[in-house]
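Okay, so here's the structure we're looking at.
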Amino acid sequence: MKKLILATAVAASLVASFAHAEDAPKPDNEVTFNAAVVNDYRYRGLTQTRFKPAVQVGADYTHNPTGLYLGTWLTNIKWIKDSVEAAGKNGKGNLEWDIYGGKRGDIGGGFTYDVGGLYYYYPRNNYADIPAKNANTFELYGQVGYGPAYFKYSQSLTNLFGNVNSKYSQYFDLGANIDTWYGVILGLHLGHQSVKGSNGGVSNEQYSYTDWKFGLSKTFDDLAGVTLGVAYLGTNLKDGVTVTPASDGSKNVGKSGFLVSLSKTF
């Protein structure tokens with residue numbers, strides 16, 4: 001099977017921290033910051049750091065009366081460097097920088113919505129002499145929620161994370177974040193990545209796959225509001241979809257495994 005360049009980037013930490021409503025009215029304008037450490041950065045089920053840890057930071061601005069928001073988020077990655085070196089080049093591109101914005105609010109009848117755009121920017125990743133020469137990606141997304149459950153749809157308006165001829169690829173995300181006992185949140189997720197187009201006459205659909213996640217998280221107020229998250233996740237990708245090159249040998253980038261995260265919003 002051809003080497004997968006689909007390893008993607010994230011818009012949030014793997015086990016999300018959950019914001020709880022305050023009794024007092026929110027200010028018109030709200031700025032928050034977030035930071036996280038994870039044992040492996042996964043996005044849509046695929047490792048972005050060759051199963052190694054990542055440090056992630058971000059900031060968000062929300063205009064509460066309108067629901068408009070802007071945000072940015074950064075993390076270290078390894079997959080671009082690995083992909084370029086697999087093509088026999090000197091690999092660079094160890095950073096992912098996400099910039100996003102949109103609008104969220106209530107539809108009525110208990111339903112909520114969230115629509116916007118997300119740009120995944122990978123500094124120093126442009127290599128004109130290899131087929132997948134630019135991993136930078138822009139997606140539009142729309143989400144509908146009801147109670148703890150949600151459905152989100154994303155579509156790329158550019159090639160998807162370096163895959164050739166993959167414009168208009170789609171991602172479907174169904175999940176729920178359920179408040180259980182003692183402040184523990186149960187997070188459930190099922191997703192499907194559909195990669196459009198073809199590369200050299202070979203359909204990109206060979207890179208399409210399904211991913212899933214089962215996670216638990218809890219915020220500890222007596223520990224400065226730090227959130228601990230533990231999740232088990234994986235994909236239906238088989239051996240042969242690998243991280244290359246890798247000093248510890250090639251591995252399935254979507255293999256099942258445990259994730260642990262420590263995060264804080266302030």
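Things worth noting here:
- Selection within region 91-111 - open to solvent by 50 Å² or more (accessible area, probe 1.4 Å) and in contact with a Lys or Arg (Cβ under 9 Å, 6 or more places away or on another chain): K92, N94, L95
- Of the residues in region 248-261, none is at pLDDT 90 or above, part of a strand (DSSP E or B), in contact with a Gly (Cβ under 8 Å, 6 or more places away or on another chain) and of a type in the set (K, R).
- When region 64-77 is filtered for residues that are over 17 Å from N136 (Cβ atoms) and either modelled with pLDDT under 95 or buried (at least 19 other Cβ atoms within 10 Å of the Cβ) (or both), the ones remaining, listed by number, are N64, P65, G71.
- Qualifying residue in region 123-135 (condition: polar (S, T, N, Q), assigned to a strand (DSSP E or B) and open to solvent by less than 30 Å² (accessible area, probe 1.4 Å)): no
- Members of region 144-168 that are in a loop (DSSP other than H, G, I, E, B), of a type in the set (G, A, S) and either at pLDDT below 95 or within 14 Å of the chain's Cα centre (by Cα) (or both): G162, S166
- Test: L6 is open to solvent by less than 50 Å² (accessible area, probe 1.4 Å), farther than 23 Å from S263 by Cα and modelled with pLDDT under 70: yes
Residues are listed down the side, and each one gets a yes or a no for (1) open to solvent by less than 50 Å² (accessible area, probe 1.4 Å); (2) at positive phi; (3) among the hydrophobic types (A, V, I, L, M, F, W, C); (4) in a strand (DSSP E or B):
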site: K52; (1), (2), (3), (4): no, no, no, no
site: V57; (1), (2), (3), (4): no, no, yes, yes
site: T62; (1), (2), (3), (4): yes, no, no, yes
site: K81; (1), (2), (3), (4): no, no, no, no
site: E85; (1), (2), (3), (4): no, no, no, no
site: K89; (1), (2), (3), (4): no, no, no, no
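- Restricting region 202-225 to residues that are among the hydrophobic types (A, V, I, L, M, F, W, C) and modelled with pLDDT of 95 or more, the residue that is nearest to W181 (Cα to Cα): L216
- Any hit, region 188-201, residues being surrounded by fewer than 13 Cβ atoms within 10 Å (Cβ to Cβ), more than 15 Å from the chain's Cα centre (by Cα) and modelled with pLDDT under 95: yes
The values are calculated or read from the model by the stated rules, or taken from the named source; none is laboratory data. The structure displayed is predicted, hence computed values, not measured ones. Neighbour counts run over all protein chains shown; Cβ positions are idealised from the backbone, glycine included. For accessibility, only protein heavy atoms count, side chains too; no ligands or nucleic acids. Shrake-Rupley method; radii C 1.70, N 1.55, O 1.52, S 1.80 Å.
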